[in-house]
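J.: To start, I am sharing the structure in question, which I have written as structure tokens.
The values are calculated or read from the model by the stated rules, or taken from the named source; none is laboratory data. Here the structure is a predicted model, which means the values were calculated and not measured. A quick note on method: Cβ atoms are made from the backbone with ideal geometry, for glycine too, and the neighbour counts reach across all protein chains shown. Note: accessible area is taken over every heavy atom of the protein model, side chains too, but ligands, DNA and RNA are not part of it. Shrake-Rupley method; radii C 1.70, N 1.55, O 1.52, S 1.80 Å.
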Amino acid sequence: MSLRELVKQRIIKNIIKDAQSKMKKKYTVIVADDTTIKILHHCFRMHELNELDVGVVLNVKFPRERVKVSPIYFLSADYDSAKHMAADYANPKETRYAAPVHAYFNSKVPKKIIELIKNENIRKYMKTFSEIHCDFLVLEHRVFSLYGGYKSFNDLYINKENRSDDLALRAQQLVGLCVSLDEEPYIRYSSNSRDAKTLAELFNQQFTDTKASLSKWTPNSEHQSVLLIFDRKDDPLTPFLHDLSFQPMIYDLLSDDIVENGTKIKGLTSDDKKDDGLRSMPDENDQVWIKYRHEFIGEVVQKLPKQFTDWQQQNAVVKLKKSGGDNDNNVKTKDLISAARDMPQYQKLVKQYTTNISMANKLIDIFKNGGLRDIISLEQDMVTGIDEDGKKIDRTGMQKQFSEVLMNDKQSELVKLRTFMMYVISQGGMKPEQRKLMLKQAGFNESTEDTIVNLGCLGVTLTAQRGGSQSGGCKNYWKEVIKTAKSKVETTEITRFTSYLQWTLKEHHNNSLSDKDFEWIQKPGNQKKGKGPTSYRRVRNKNKGDNDDNNDKKEQEKDDDNDEQKNDLYIISKQDCKLSKFLEKLMKDDADNNINMSSSSTLEVVEISKVPSSTLEIVLEYLAHHKGIEPDPLPCPIRSIYMKTVCSDPWDAEFIDGFSKKIIFEIILGANYLEIKGLLHLGSAKIATLIKQMDQQEINRVIEEEEVYRRRNNQQSTQQNTTTATATDNDNDDNQTNDDETNNDKTTEAQQLESPIICLGGCGFYGSKATKNCCSLCFKKMYPNEQNE
């Protein structure tokens with residue numbers, strides 16, 4: 001059920017039907033204020049209210065005629081609205097409506113209003129006084145608004161005098177939303193925002209209080225939702241960018257043509273001579289609009305006319321029109337055609353199609369002939385730092401394009417200002433004198449600089465400190481922005497930028513959103529970081545005799561020093577193990593292998609010491625997903641950098657894309673040891689896609705650096721072995737035992753140098769003991785002083 005339908009049914013049940021059940025006559029009127037009239041307007045059409053025996057909706061603040069019916073007051077928790085309601089019954093000899101009175105408020109009623117009702121004459125007529133929490137506007141089936149507007153923005157970011165009151169109001173509205181949805185959500189908020197944290201805490205407290213007052217309300221416990229609270233400071237860029245979806249383009253580029261409080265649009269071409277130039281704006285009852293409003297404008301222009309043509313070919317009315325002159329009974333046919341032309345449903349659909357097609361054509365004309373293509377290209381370069389070829393932008397060339405836009409007399413002042421603001425936000429600001437000079441050259445007046453300076457209220461860096469340091473977001477987010485921009489090189493998409501909202505929702509959905517970026521007010525008790533299969537279990541197993549605190553501390557120290565020392569027990573079905581030849585062989589014949597294993601009729605225990613626990617858990621997740629069924633082989637060679645196009649199973653692509661290079665190398669080593677062919681090839685394919693994204697110079701540089709430090713390691717290893725042998729020959733027989741131990745230690749060190757060690761720098765390449773378990777590149781960065789020596 002859509003949000004609109006849900007709120008609609010709630011109003012019908014808890015307000016209209018509830019009041020009518022207490023009336024002798026069902027016919028009534030609804031008296032509302034400015035806020036609740038908007039709520040009703042977004043949920044109902046007037047004929048739907050008439051069918052519910054509601055004659056009219058009246059504004060409590062305007063003069064009204066006396067009507068001898070029992071009214072339904074549906075008001076916001078506003079003191080002035082309550083005073084107007086009380087005034088209707090102030091004179092007992094001449095009340096505006098009949099008794100009894102049924103009053104419903106859309107949010108928590110303050111004590112001030114309750115005291116007002118107690119002291120007014122209306123209390124004698126009051127039959128119902130109830131709170132129905134629905135203080136929000138339903139804009140679309142799944143979109144709502146808290147209708148804060150410019151006042152809320154001013155209170156939160158500019159003057160801030162009423163900041164606390166505004167946050168409390170928004171928290172109360174969110175409580176009403178969650179109650180309407182029967183949701184008791186977990187709460188997360190942006191860690192960078194003080195206001196987001198305050199709002200989260202206020203919501204948590206108000207929701208707890210409201211829940212306690214609603215004795216009959218029970219939340220949905222099957223799938224508990226999560227409330228994510230953002231701050232506009234997290235992403236000041238997105239509102240300035242041009243969006244190429246159908247609906248945003250209309251309200252952006254055709255805003256001057258939208259009139260009559262957003263209900264009409266002008267300036268659309270039409271073949272109808274009776275057309276006065278005004279069309280009704282599409283709404284939730286326009287099925288054509290609902291289908292295409294979130295589509296890319298290029299697809300709308302292609303698909304919408306084709307659908308209209310197909311509809312005309314299948315429509316019975318159109319067929320009657322086309323066959324009008326071919327039948328013998330011309331009179332009867334003409335009558336049918338004449339009647340069909342006046343059919344409201346046919347005319348309605350034709351208007352919907354023609355309106356949406358006209359708007360799409362006008363938008364595509366602006367895009368092609370209005371220079372919008374170049375503007376959008378510049379925007380994407382600035383905000384991502386990546387050009388259309390997937391390479392870092394040439395800042396000099398980008399600044400030249402930026403200057404050309406500002407000096408272009410054909411561009412509107414609004415486009416210039418938006419571009420200027422995006423430059424300031426995405427490039428880490430600019431020097432004040434440079435800002436003033438460029439604004440003057442672009443033809444702006446002095447007050448425009450105040451507009452730019454006001455960006456500082458959103459946390460935007462205004463004065464340049466170092467180039468290319470964007471405002472908003474977090475490190476993880478900007479890494480994803482660059483990664484996504486590069487990934488779209490092979491696609492036809494014009495926009496490459498990922499908004500902070502998109503990134504957060506994706507990370508949260510994948511259960512990889514860091515607690516450092518989004519903290520919890522209330523965290524799920526079984527919440528687990530990262531992905532995890534459901535067909536195996538992990539149990540921590542203590543060694544026998546570990547029954548005191550000292551043993552526990554020692555065990556913990558071992559766990560911290562080396563993950564391989566963890567004694568973890570994983571329970572997984574034998575069917576899932578079939579993809580591992582190593583495990584399958586052990587289960588078939590445990591007598592001839594060197595690994596300690598015990599078996600029974602129902603359970604077999606296998607000790608695996610050469611695969612770290614963290615890596616083993618990932619490997620078991622892969623096995624649990626495939627359930628012993630070998631996945632389709634991957635193509636060879638790999639011809640794409642996108643795993644979604646490489647893998648036949650989308651889960652495999654999403655699975656391997658979620659790990660860093662370092663972990664992928666560990667997965668490859670674990671899969672090789674356990675002889676899991678599919679996982680080994682999957683990890684290797686992922687590394688191949690990463691290498692394909694490097695240019696030849698970068699690949700050559702990495703190979704050369706790795707070769708240099710490996711030669712150095714071999715030389716050091718040879719020198720150590722030679723020194724050990726000389727020392728052994730010169731020692732006395734009495735020290736022979738100690739010398740043997742020393743030789744064994746040296747030999748062990750040499751073997752460790754030769755064994756593969758993943759670089760501690762996290763780059764994904766191999767390191768060595770000689771460079772402190774780092775690769776040569778990371779060693780230079782982490783230990784510059786030692787490198788110089």
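J.: Can you find, within region 624-681, the residue that is farthest from K483 (Cα to Cα) among those that are without any contact (Cβ under 8 Å) to a residue 60 or more places away in the chain and hydroxyl-bearing (S, T, Y)?
T.: By that ranking, first place goes to S648.
J.: Report whether or not R4 is crowded, with 16+ Cβ neighbours inside 10 Å, assigned to a loop (DSSP other than H, G, I, E, B) and either among the charged types (D, E, K, R) or more than 40 Å from the chain's Cα centre (by Cα) (or both).
T.: Here the answer is no, as R4 does not meet what is asked.
J.: Another question, if that's okay. Just name the residue that is least open to solvent (accessible area, probe 1.4 Å) out of those in region 482-500 that are in a loop (DSSP other than H, G, I, E, B) and among the β-branched types (V, I, T).
T.: So, considering only residues that are in a loop (DSSP other than H, G, I, E, B) and among the β-branched types (V, I, T), the one least open to solvent (accessible area, probe 1.4 Å) is T498.
J.: Determine whether N454 is closer than 22 Å to Y500 by Cα, touching an Asp or Glu at 6+ places or on another chain (Cβ under 9 Å) and open to solvent by 20 Å² or more (accessible area, probe 1.4 Å).
T.: no
J.: Sort out which residues of region 457-481 are assigned to a loop (DSSP other than H, G, I, E, B) and either hydrophobic (A, V, I, L, M, F, W, C) or crowded, with 16+ Cβ neighbours inside 10 Å (or both), and write them in order of number.
T.: G459, V460, T461, L462, A464, Q470, S471, G472, G473, C474
J.: Can you find a residue that is at pLDDT below 90, assigned to a loop (DSSP other than H, G, I, E, B) and over 33 Å from the mean Cα position of the chain (by Cα) anywhere in region 417-435?
T.: Yes, that holds for at least one residue.
J.: List every residue pair whose Cβ atoms sit under 7 Å apart, with the two residues 6 or more apart in sequence or on different chains, where the first one lies in region 506-524 and is farther than 10 Å from V226 by Cβ and the second, anywhere, is in a strand (DSSP E or B) and charged (D, E, K, R).
T.: Close Cβ pairs satisfying both conditions: E519/R188.
J.: Among the residues of region 420-443, count how many are open to solvent by less than 40 Å² (accessible area, probe 1.4 Å) and either in contact (Cβ under 8 Å) with a residue 60 or more places away in the chain or hydrophobic (A, V, I, L, M, F, W, C) (or both).
T.: 10
J.: Could I ask something else about it? What's the total number of residues in region 101-130 that are in a loop (DSSP other than H, G, I, E, B) and open to solvent by less than 40 Å² (accessible area, probe 1.4 Å)?
T.: Counting residues in region 101-130 that are in a loop (DSSP other than H, G, I, E, B) and open to solvent by less than 40 Å² (accessible area, probe 1.4 Å) gives 3.
J.: Take region 26-64 and flag every residue that is assigned to a helix (DSSP H, G or I), touching a residue at least 24 places away in the same chain (Cβ under 8 Å) and open to solvent by 20 Å² or more (accessible area, probe 1.4 Å).
T.: Across region 26-64, the qualifying residues are D34, T35, K38, H42.
J.: Also: Looking at G371, G385, G397, G443 in this structure, which one is within 27 Å of the chain's Cα centre (by Cα) and not aliphatic (A, V, I, L, M)?
T.: Checking each option against the conditions leaves just G385.
J.: Right, next: With (1) modelled with pLDDT of 70 or more; (2) open to solvent by 40 Å² or more (accessible area, probe 1.4 Å); (3) over 23 Å from K578 (Cα atoms); (4) small (G, A, S) as the list, and A725 as the residue in question, which single condition is left unmet?
T.: Of (1) modelled with pLDDT of 70 or more; (2) open to solvent by 40 Å² or more (accessible area, probe 1.4 Å); (3) over 23 Å from K578 (Cα atoms); (4) small (G, A, S), only one is false for A725: (1).
J.: Going through region 193-231 one residue at a time, which ones are modelled with pLDDT of 85 or more, part of a loop (DSSP other than H, G, I, E, B), open to solvent by 50 Å² or more (accessible area, probe 1.4 Å) and closer than 20 Å to K108 by Cα?
T.: T218
J.: Let me ask you something else. Looking only at region 154-192, which residues are without any contact (Cβ under 8 Å) to a residue 40 or more places away in the chain and not in a loop (DSSP other than H, G, I, E, B)?
T.: Of everything in region 154-192, those that are without any contact (Cβ under 8 Å) to a residue 40 or more places away in the chain and not in a loop (DSSP other than H, G, I, E, B) turn out to be N154, D155, L156, R163, S164, D165, D166, L167, A168, L169, R170, A171.
J.: Turning to a different aspect of this structure: Only one of (1) among the polar types (S, T, N, Q); (2) farther than 23 Å from T461 by Cα; (3) assigned to a helix (DSSP H, G or I) fails for Q380. Which number is that?
T.: All conditions pass for Q380, except number (2).
J.: Looking at region 76-89, can you tell me whether even one residue there is touching a helix residue (DSSP H, G or I) at 6+ places or on another chain (Cβ under 8 Å), without any contact (Cβ under 8 Å) to a residue 60 or more places away in the chain and loosely packed, with under 13 Cβ neighbours inside 10 Å?
T.: Yes, region 76-89 has at least one match.
J.: Please verify whether region 229-245 includes one or more residues that are touching a strand residue (DSSP E or B) at 6+ places or on another chain (Cβ under 6 Å), within 30 Å of S412 (Cα to Cα) and without any contact (Cβ under 8 Å) to a residue 40 or more places away in the chain.
T.: No, region 229-245 contains no residue that is touching a strand residue (DSSP E or B) at 6+ places or on another chain (Cβ under 6 Å), within 30 Å of S412 (Cα to Cα) and without any contact (Cβ under 8 Å) to a residue 40 or more places away in the chain.
J.: Here is a follow-up. In region 65-75, what residues are surrounded by fewer than 19 Cβ atoms within 10 Å (Cβ to Cβ) and β-branched (V, I, T)?
T.: Scanning region 65-75 gives V67, V69.
J.: Moving on. How many of the residues making up region 657-681 are at pLDDT 85 or above and not in a helix (DSSP H, G or I)?
T.: Looking only at that region, the number is 2.
J.: For region 567-581, which positions are within 14 Å of Y622 (Cβ to Cβ), in a helix (DSSP H, G or I) and in contact (Cβ under 8 Å) with a residue 60 or more places away in the chain?
T.: The one that is within 14 Å of Y622 (Cβ to Cβ), in a helix (DSSP H, G or I) and in contact (Cβ under 8 Å) with a residue 60 or more places away in the chain: L579.
J.: Restricting attention to region 152-173, does a residue exist that is in contact with a helix residue (DSSP H, G or I) (Cβ under 6 Å, 6 or more places away or on another chain), surrounded by fewer than 19 Cβ atoms within 10 Å (Cβ to Cβ) and of a type in the set (F, W, Y)?
T.: Yes, the conditions are met somewhere in region 152-173.
J.: Look at T95 and say whether it is in contact with a Phe, Trp or Tyr (Cβ under 6 Å, 6 or more places away or on another chain) and more than 19 Å from K38 (Cβ to Cβ).
T.: yes
J.: Which members of region 643-656 meet the condition of being surrounded by fewer than 15 Cβ atoms within 10 Å (Cβ to Cβ) and either assigned to a helix (DSSP H, G or I) or under 21 Å from the mean Cα position of the chain (by Cα) (or both)?
T.: Matches in region 643-656: K644, T645, P650, W651, E654.
J.: Just give me the residues in region 637-683 being small (G, A, S) and out of contact with any helix residue (DSSP H, G or I) (no Cβ under 8 Å at 6 or more places or on another chain), in sequence order.
T.: Passing the criteria: S648, G658, S660.
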